[in-house]
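For reference, the structure discussed in these notes is given below.
Please treat every number below as a calculation from the coordinates, not as lab data. What you see is a predicted model, and the numbers here were worked out from it, not measured in a lab. FYI the Cβ positions are ideal-geometry reconstructions off the backbone, even for glycines, and counts take in every protein chain you see.
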Amino acid sequence: MKNFGLFKIILLSFGIFSVSLSAQKINSNNVKTTVSGTSTLHDWTMTSDNGTFSGNVSGNTIQDIHYSINGKSLKSGKNGMDKNA
């Protein structure tokens, strides 16, 4: 019985150790993106909710990051600026 308890502790330790070493994949298909800037006329902001993001989380780091957005999905709320952008 004593050996069985030790076996459970060893098995649990290996399980925790293997989980901590493996990276976790994260994905999102509705990333909100805001681009802000200024011109000689005024400050401006454009937003989109159509970005995609993926990466691998390991500890406190994110690696293999992939982010994309269709530039035409950025909108300012002002038709003239959206056409020019």
### Query
Karplus couplings for region 50-62 from phi (6.51 cos²θ - 1.76 cosθ + 1.60, θ = phi - 60°), rounded to Hz, Gly and Pro as x?
10, x, 10, 9, 8, x, 10, 9, 9, x, 9, 10, 10
### Summary
Distance in nm between D49 and V31 label points, each 7 Å along Cα→Cβ, equals 1.8
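Give me the count of lysine pairs in region 24-84 whose alpha carbons sit under 27 angstrom apart, restricted to pairs 8 or more positions apart or on different chains.
So the count of such lysine pairs works out to 6.
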